[in-house]
1. Report, by residue number, each residue of region A:62-84 that is touching a residue at least 40 places away in the same chain (Cβ under 8 Å) and more than 27 Å from A:ASP29 (Cβ to Cβ).
2. Residues that are of a type in the set (Gly, Ala, Ser): find the strands (runs of 3 or more DSSP E) completely inside region B:35-117 holding 1 or more of those.
3. Give the residues of region B:80-117 that are over 15 Å from the mean Cα position of the chain (by Cα) and away from chain A (no Cβ under 14 Å), sorted by residue number.
4. Taking region A:98-110 only, how many residues are more than 8 Å from chain B (Cβ to nearest Cβ) and either crowded, with 17+ Cβ neighbours inside 10 Å or within 19 Å of A:VAL19 (Cβ to Cβ) (or both)?
5. Got a sec? Which of A:SER82, A:SER65 is among the small types (Gly, Ala, Ser), more than 27 Å from B:MET88 (Cα to Cα) and over 14 Å from the mean Cα position of the chain (by Cα)?
6. Could you count how many residues in region A:40-57 are touching a Leu at 6+ places or on another chain (Cβ under 9 Å) and closer than 17 Å to A:TYR90 by Cβ?
7. Do the conditions hold for A:SER111, that is, is it small (Gly, Ala, Ser) and either in a loop (DSSP other than H, G, I, E, B) or under 10 Å from the mean Cα position of the chain (by Cα) (or both)?
8. Here are some residues: A:ALA1, A:ALA75, A:ALA81. Which one is closer than 18 Å to A:ARG108 by Cα and assigned to a loop (DSSP other than H, G, I, E, B)?
Amino acid sequence: AQKITQTQPGMFVQEKEAVTLDCTYDTSDPSYGLFWYKQPSSGEMIFLIYQGSYDQQNATEGRYSLNFQKARKSANLVISASQLGDSAMYFCAMRAPSGGSYIPTFGRGTSLIVHP
Amino acid sequence: DAMVIQNPRYQVTQFGKPVTLSCSQTLNHNVMYWYQQKSSQAPKLLFHYYDKDFNNEADTPDNFQSRRPNTSFCFLDIRSPGLGDAAMYLCATSRGNSGRISADTQYFGPGTRLTVL
């Protein structure tokens, strides 16, 4: 069965510093996709970044990058130059086959607070 | 801009009074999803539609039903809301590429926050 683990319930970072949010996953299938979403207090889940299991390079999207370590089954999100607006919940998710379906599995999330 | 729209943003209902939440999309995506999210928890999938094919998660209570009359709209019906159904309800869509399902990104609406009195 697929599983996503986010071990950090809460993280604090100073504005303009970089922060890493941890995500480990478990699947036995070689083909899978990993996603990160941001959820501000307003509630909307905002797609940030995607990494495919066969992608050779780490994904990057602006200030977001994904530190993909396949052998360790980790897909950590790195936010560079944190901004106050980055304060939110962050969810890691995975799509991998399960019973013929590719329904996404979400982690429990990490709450990030950016201090001025 | 193409988007996922949910109405209303806030819904208050009484215990046992049926309520319907709506979702519409202008992305022309094949797949639509309904999630329930309680405070400080991960979203929990209730149902999804691949086009008109309805897929119910095994642990979704019978109290929850869904309709997708066309590609653009999807509704969540809660027949007899209980206090435990108070939550944020998130609608999402994805393209539904049969070729690379693992890369099929979900796009979410702003959510409807349901309060049950």
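Computed from the coordinates by the stated procedures, all read-outs in this text should not be read as laboratory data. If you're wondering where the values come from, they're calculated on a predicted model, not measured in any experiment. So basically every Cβ, Gly included, is an ideal-geometry build from the backbone, and we count neighbours across all protein chains shown.
1. Within region A:62-84, A:ILE79, A:SER80, A:ALA81, A:SER82, A:GLN83, A:LEU84 meet the criteria.
2. By residue number, B:64-67, B:87-94.
3. Within region B:80-117, B:SER80, B:PRO81, B:GLY82, B:LEU83, B:GLY84, B:VAL116, B:LEU117 qualify.
4. Of the residues in region A:98-110, 2 are more than 8 Å from chain B (Cβ to nearest Cβ) and either crowded, with 17+ Cβ neighbours inside 10 Å or within 19 Å of A:VAL19 (Cβ to Cβ) (or both).
5. On inspection, the qualifying residue turns out to be A:SER82.
6. Residues meeting the conditions: 7.
7. No; evaluated as a whole, the condition is false for this residue.
8. Going through A:ALA1, A:ALA75, A:ALA81 in turn, just one is closer than 18 Å to A:ARG108 by Cα and assigned to a loop (DSSP other than H, G, I, E, B): A:ALA1.
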